[in-house]
Every structure is written in C-alpha cells, then in structure tokens.
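Chemist: Questions regarding the structure given below will be posed in turn.
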Amino acid sequence: TAPTAGTNGSVSICDNNTAAIDLFTIITGEDTGGTWTRLTGTGGTFSGNTFTPAAGATTSTFRYIVSLAGCPNDTSVATINITPQVDAGTDGSVGICDNSTTAIDLFTIITGEQTGGVWTRLTGTGGAFSGNTYTPAAGATTSTFRYIVVGTSPCPNDTSVATINITPQVD
C-alpha cells in the first residue's frame, strides 16, 4: 500500500501563545514514520514534530513526508497562522486641581497604545467626556477611563486605563 501523509490542516493562534504545538494534531489520517520540515515562517522553536511559538514568530508551514520503499513519497502540510496581539498601551495617571477646566487628551495619559480603540468612562462624576477628551469642571471627581482595542480572533481584546486624579483646591 502507498504511504499516506494525511490531510493538510491549519490552526490559528495569537502571537502571545507560547504553548508547544504537536504538528500531528493539525493534520489527519497520516501514517507514522515520516519526517517534518519547516517550509516557511520565522521565529519560535521547531524540533521533531513540535513547534513552540515565541514573541515575533510569523505564520509558518511545516511539511510531513512519508516514504515507503518502491512507492512515491506522500506529503501533507500543517499551517500555523499567527495573528498579532493588539496593544492598548500602558495604564497612566495625571493629577489636576479641581478648578482646572483645560481639556485633557486621554491618549497623553497612557503610553504605547495602538490606534483604533474606543474610550469609555468607568468611574467618576462631573466634567464633560467625549471621544478621547475629558474636560473637567467644578465639582468633578477623580475619574478613570478605559481604552479598549478589539483583538482579531483568536487574540483577545486589550485594555488600558487612564486615571485623572482631581485634588480639591486649597481655600
């Protein structure tokens, strides 16, 4: 009987995944005794039939070849699609006096964020909040705002928080 390397398969992971992947779990119906080679992609660690992704790894393909004396080789391909994790940046805070009425761009409080996210107010009262701008007003309280960037499946969303600490003016 001619050897069979099984049926091609693929899996999608997020680029922050560092769990080892058994390539045999991606293809189906293969005979044993074949060998794996990496065809495309960079990063991560490939050994035997295992690929362990790492930060910076790219989508990769691996070929499984089964040989049997007197028969042509058979091959199948396992593809690991790697999707970049989104980054909403690093939380930050700023302190202002309760008599301030200067508009605050919330992006100036967090750092390292990707564009395309949405701001929501989590806590606090008073002032005016619109889009990515908060304008304090008399009587406003300390407020927190969440920035959320929606991840592309299978990667999760990412969030950061901007805090505006409002201190009462001395009388």
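Chemist: I need every pair where a residue in the range 5-32 that is within 30 Å of P72 (Cβ to Cβ) has its Cβ under 6 Å from the Cβ of a residue that is among the acidic types (D, E) and surrounded by 13 or more Cβ atoms within 10 Å (Cβ to Cβ), sequence separation at least 6 or different chains.
Modeler: Partner pairs satisfying both residue conditions: A5/E30; A5/D74; G6/E30.
Chemist: Collect the residues in the range 117-168 that are within 24 Å of S12 (Cβ to Cβ) and either in a loop (DSSP other than H, G, I, E, B) or among the charged types (D, E, K, R) (or both), keeping them in residue-number order.
Modeler: We begin by selecting, within the range 117-168, every residue within 24 Å of S12 (Cβ to Cβ); these are 117, 148-159.
Of everything in the range 117-168, those that are within 24 Å of S12 (Cβ to Cβ) and either in a loop (DSSP other than H, G, I, E, B) or among the charged types (D, E, K, R) (or both) turn out to be G117, V150, G151, T152, S153, P154, C155, P156, N157, D158.
Chemist: Something else now. Tell me, which residue of the range 50-71 that is in contact with a strand residue (DSSP E or B) (Cβ under 8 Å, 6 or more places away or on another chain) and surrounded by fewer than 18 Cβ atoms within 10 Å (Cβ to Cβ) is farthest from S12 (Cα to Cα)? Before you say what the answer is, go through the steps one by one.
Modeler: The initial filter retains those residues of the range 50-71 that are in contact with a strand residue (DSSP E or B) (Cβ under 8 Å, 6 or more places away or on another chain), namely 50-54, 57-67.
Still in the list and also surrounded by fewer than 18 Cβ atoms within 10 Å (Cβ to Cβ): 50, 52, 54, 58-59, 61, 65, 67.
Numbers: T50: 15, T52: 13, A54: 14, T58: 11, T59: 9, T61: 12, I65: 22, S67: 29 Å.
Checking each candidate, the answer is S67.
Chemist: Out of all the residues in the range 30-41, is one or more assigned to a loop (DSSP other than H, G, I, E, B), open to solvent by 60 Å² or more (accessible area, probe 1.4 Å) and among the small types (G, A, S)?
Modeler: Yes, because at least one residue in the range 30-41 is assigned to a loop (DSSP other than H, G, I, E, B), open to solvent by 60 Å² or more (accessible area, probe 1.4 Å) and among the small types (G, A, S).
Chemist: Next question, about the same structure. Could you tell me which of the residues I104, I80, I148 is buried (at least 17 other Cβ atoms within 10 Å of the Cβ) and more than 30 Å from F51 (Cβ to Cβ)? Step through it out loud before you land on a result.
Modeler: Working: I80 fails: more than 30 Å from F51 (Cβ to Cβ); I148 fails: buried (at least 17 other Cβ atoms within 10 Å of the Cβ).
Exactly one residue qualifies, and that residue is I104.
Chemist: On to the next question. Give the residues of the range 107-116 that are surrounded by fewer than 17 Cβ atoms within 10 Å (Cβ to Cβ) and under 27 Å from S12 (Cβ atoms), sorted by residue number.
Modeler: Step one: filter the range 107-116 for residues surrounded by fewer than 17 Cβ atoms within 10 Å (Cβ to Cβ), giving 108, 111-112, 114-116.
Within the range 107-116, G112, Q114, T115, G116 qualify.
Chemist: Which one of D91, D74 is surrounded by 14 or more Cβ atoms within 10 Å (Cβ to Cβ), out of contact with any helix residue (DSSP H, G or I) (no Cβ under 9 Å at 6 or more places or on another chain) and over 30 Å from T35 (Cβ atoms)?
Modeler: Numbers: D74 fails: over 30 Å from T35 (Cβ atoms).
Being surrounded by 14 or more Cβ atoms within 10 Å (Cβ to Cβ), out of contact with any helix residue (DSSP H, G or I) (no Cβ under 9 Å at 6 or more places or on another chain) and over 30 Å from T35 (Cβ atoms) holds for just one of D91, D74, which is D91.
The values are calculated or read from the model by the stated rules, or taken from the named source; none is laboratory data. Just so you know, these numbers come straight off a predicted model, no measurement behind them. No Cβ is skipped: glycine too gets one built from the backbone with ideal geometry, and neighbour counts run over all protein chains shown. Only protein heavy atoms, including side chains, enter the accessible area calculation; ligands, DNA and RNA are left aside. Shrake-Rupley method; radii C 1.70, N 1.55, O 1.52, S 1.80 Å.
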